[in-house]
Amino acid sequence: MLGALGNLFFIAPNNIYTQLKTNIMPYKSEEIKIAGTKHDRRIKLTPEQKEEIYQNKLGLSQRALAKEYGVSRRTIQFILDPEKLKENIKRRKERGGTMQYYNSSEWAKTKKEHRKYKQDLKLKGEIE
């Protein structure tokens, strides 16, 4: 590894770089767990809402249901027809996984916002 110190350059062995890389302190917000709670923003619909959609007593279209619940039509389609979701997951695995790639600067910004969200929840006393 080639490094710089002022105008001087030095070469550090890989093991020093590895030690520096692995000794980074974790963020305090990493200890705050919100997965699976009402504060988890990845969950778009509650089980009750999914049941309402499945029942669809008003006979609304998939697009109308999606607009009403603020989700995509595809999400509604997967709730109404779970077999399509299974087929989609199977095809995704055949292609080699989720195939989702992120812009590193956008991903860093998103992680920072998520940490702040968890810290704010903790400060407000909404989570432990």
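The values are calculated or read from the model by the stated rules, or taken from the named source; none is laboratory data. Computed from a predicted model, the values in this text were never measured in an experiment. Cβ: placed from backbone, ideal geometry, glycine included. Neighbour counts: every protein chain shown.
General remarks:
- Every pair of residues 6+ apart whose Cβ atoms lie under 6 Å, when the first sits in the stretch 39-52 and is closer than 17 Å to Thr110 by Cα and without any contact (Cβ under 8 Å) to a residue 60 or more places away in the chain while the second is among the β-branched types (Val, Ile, Thr) and not in a helix (DSSP H, G or I): Asp40/Ile34
- Meets criteria (surrounded by 10 or more Cβ atoms within 10 Å (Cβ to Cβ), in a helix (DSSP H, G or I) and not small (Gly, Ala, Ser)) for Ile127: no
- Every test in (1) surrounded by 10 or more Cβ atoms within 10 Å (Cβ to Cβ); (2) at pLDDT 75 or above; (3) on the phi < 0 side of the Ramachandran plot is passed by Gly3 save one, and that test is (2).
- Selection within the stretch 36-70: residues that are hydrophobic (A, V, I, L, M, F, W, C) and under 29 Å from Glu128 (Cα atoms). The member of this set that is modelled with the highest pLDDT is Leu45.
- Options Glu68, Glu87, Glu83, Glu94: the member that is surrounded by 14 or more Cβ atoms within 10 Å (Cβ to Cβ), more than 30 Å from Ile32 (Cα to Cα) and among the acidic types (Asp, Glu): Glu68
- Any helices (runs of 4 or more DSSP H) falling wholly within the stretch 30-90 and containing at least 1 residues that are farther than 25 Å from His114 by Cβ and of a type in the set (Ser, Thr, Tyr): 47-55
- Apart from one condition, Ser105 fits all of (1) within 20 Å of the chain's Cα centre (by Cα); (2) in contact (Cβ under 8 Å) with a residue 60 or more places away in the chain; the exception is (2).
- Lys33 within 26 Å of Asp120 (Cβ to Cβ) and modelled with pLDDT under 75: no
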